[in-house]
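The values are calculated or read from the model by the stated rules, or taken from the named source; none is laboratory data. Because the structure is a prediction, the values reported are computed rather than measured. So basically every Cβ, Gly included, is an ideal-geometry build from the backbone, and we count neighbours across all protein chains shown. Heavy atoms of the whole protein, side chains included, go into the accessibility calculation; ligands, DNA and RNA do not. Shrake-Rupley method; radii C 1.70, N 1.55, O 1.52, S 1.80 Å.
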Amino acid sequence: MPRLDLALRDTRRMALGGRELEYSLVRRRGRRGVGLKVDENGLTVSAPITMPITRIEELVRESERWILRKIEEWRGRQIPEVRWEEGTWLPYLGRAVELRISPAPRARAALEGEALRIGVRDPGPELVRRAVVGWYKRTAREHLGERVATLSEAAGVAPPKFLLSSAMARWGSCNSRREVRLAWRLVKAPTALIDYVVCHELAHLRHMNHSAAFWAEVGRQCEDYERKRAELFATDHLYRSF
């Protein structure tokens with residue numbers, strides 16, 4: 001049996017900078033102060049296990065400007081603008097598919113070879129965008145859910161509850177209720193990078209922290225994870241475009 005870390009992890013939301021921000025809260029026994037970290041996973045807040053949530057978020061707000069600046073730095077790496085029109089190329093599982101638009105009485109979307117065929121009653125950009133995003137979310141629920149089931153079995157852990165997230169600042173999260181959330185936009189990335197994110201979150205089922213033991217568990221589940229992590233960091237702006 002793996003050693004249980006003296007920490008609890010949860011995904012929470014709070015108002016910051018006039019918008020709702022999702023963050024990861026890690027409560028540790030023996031910790032005295034509140035620590036903040038912003039990286040490719042978004043904001044992580046480390047706090048004493050007995051500190052009230054109102055006090056934790058009060059301290060987070062004291063660093064609001066720094067947090068929002070760091071999040072924007074991570075987001076702002078040349079995110080490409082999407083033109084919702086015939087012939088646009090969109091990322092899907094690490095390759096590009098061509099957007100093909102046709103009139104239809106009801107919105108529909110289907111991948112046919114290398115073409116994503118969208119049917120809408122009006123080819124205006126907003127209706128096309130909605131149809132495309134709806135297709136991505138449906139596909140992500142199926143594909144990402146399958147990777148969670150397959151990789152949890154390979155790792156020898158009980159399959160967690162899988163939830164889809166619309167988060168922009170983090171690709172995945174895991175909490176002490178054994179819930180793994182993955183951003184639907186992750187389905188744009190190559191499967192090898194998707195698997196790294198899934199293994200990262202599954203490793204939290206055994207270690208609710210980023211200790212040496214946690215990274216060893218990631219390495220056990222995901223071969224060459226350092227390279228995949230670096231590749232995701234270098235290319236993730238391509239998958240956050242919408």
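Quick check on the range 115-129. Is at least one of its residues of a type in the set (Gly, Ala, Ser), buried (at least 17 other Cβ atoms within 10 Å of the Cβ) and out of contact with any Lys or Arg (no Cβ under 7 Å at 6 or more places or on another chain)?
No, the conditions are met nowhere in the range 115-129.
Quick check on the range 100-108. Is at least one of its residues within 19 Å of HIS237 (Cβ to Cβ) and open to solvent by less than 50 Å² (accessible area, probe 1.4 Å)?
Our first condition is that a residue be within 19 Å of HIS237 (Cβ to Cβ); within the range 100-108, this holds for none.
No; the residues of the range 100-108 include none that is within 19 Å of HIS237 (Cβ to Cβ) and open to solvent by less than 50 Å² (accessible area, probe 1.4 Å).
Failed condition for GLU142, given (1) open to solvent by 60 Å² or more (accessible area, probe 1.4 Å); (2) assigned to a loop (DSSP other than H, G, I, E, B); (3) under 23 Å from ALA189 (Cα atoms), with all others met?
Looking at each condition in turn, GLU142 falls short on (2).
Given the criteria more than 30 Å from ALA7 (Cβ to Cβ), part of a strand (DSSP E or B) and open to solvent by less than 60 Å² (accessible area, probe 1.4 Å), does GLY134 qualify? Even if it seems obvious, please write down each step before you answer.
Numbers: more than 30 Å from ALA7 (Cβ to Cβ): yes; part of a strand (DSSP E or B): no; open to solvent by less than 60 Å² (accessible area, probe 1.4 Å): yes.
No: the conditions fail for GLY134.
When only residues in the range 84-100 that are part of a loop (DSSP other than H, G, I, E, B) and in contact (Cβ under 8 Å) with a residue 40 or more places away in the chain count, which is farthest from the chain's Cα centre (by Cα)? So that I can check it myself, show each step before the final result.
The first filter runs over the range 84-100 and keeps only residues part of a loop (DSSP other than H, G, I, E, B), leaving 84-88, 93-94.
Then keep just the ones that are in contact (Cβ under 8 Å) with a residue 40 or more places away in the chain; that gives 84-85, 93-94.
Numbers: TRP84: 24, GLU85: 27, LEU93: 15, GLY94: 16 Å.
Taking the candidates together, the pick is GLU85.
Within the range 214-232, can you find the residues that are open to solvent by less than 40 Å² (accessible area, probe 1.4 Å) and more than 18 Å from the chain's Cα centre (by Cα)? Outline the logic, then answer.
Quick first cut of the range 214-232, residues open to solvent by less than 40 Å² (accessible area, probe 1.4 Å) only: 214, 217-219, 221-222, 225, 228, 232.
Listed by number, the residues that qualify are PHE214, GLU217, GLY219, GLN221.
Please identify the pairs in which a residue from the range 26-37 that is within 16 Å of ILE53 (Cβ to Cβ) and at pLDDT below 90 has its Cβ atom under 7 Å from the Cβ atom of a residue that is open to solvent by less than 80 Å² (accessible area, probe 1.4 Å) and of a type in the set (Val, Ile, Thr), counting only partners at least 6 apart or on another chain.
ARG28/ILE49
When you scan the range 210-237, how many residues do you find that are part of a loop (DSSP other than H, G, I, E, B) and modelled with pLDDT of 95 or more?
First, pick out the residues of the range 210-237 that are part of a loop (DSSP other than H, G, I, E, B): 210-211, 222-224.
If we keep only those that are modelled with pLDDT of 95 or more too, we end up with 222.
Counting residues in the range 210-237 that are part of a loop (DSSP other than H, G, I, E, B) and modelled with pLDDT of 95 or more gives 1.
Restricting attention to strands (runs of 3 or more DSSP E) lying wholly within the range 149-209, give those where 2 or more residues are at pLDDT 95 or above, open to solvent by 20 Å² or more (accessible area, probe 1.4 Å) and not β-branched (Val, Ile, Thr). Outline the logic, then answer.
Values: elements: 161-165, 172-174, 179-183.
Counting at least 2 such residues, we get 161-165, 179-183.
Can you name the condition, by its number, that GLU58 falls short on among (1) at pLDDT 90 or above; (2) surrounded by 18 or more Cβ atoms within 10 Å (Cβ to Cβ); (3) outside any strand (DSSP E or B)?
Condition (2) is where GLU58 drops out.
Out of the residues in the range 17-44 that are among the charged types (D, E, K, R) and assigned to a strand (DSSP E or B), state the one that is surrounded by the fewest Cβ atoms within 10 Å (Cβ to Cβ).
Initial filter on the range 17-44 (among the charged types (D, E, K, R)): 19-20, 22, 27-29, 31-32, 37, 39-40.
Of the ones still in play, those that are also assigned to a strand (DSSP E or B) are 19-20, 22, 27-28, 37, 39.
Details: ARG19: 7, GLU20: 9, GLU22: 18, ARG27: 21, ARG28: 18, LYS37: 15, ASP39: 13.
The qualifying residue surrounded by the fewest Cβ atoms within 10 Å (Cβ to Cβ) is ARG19.
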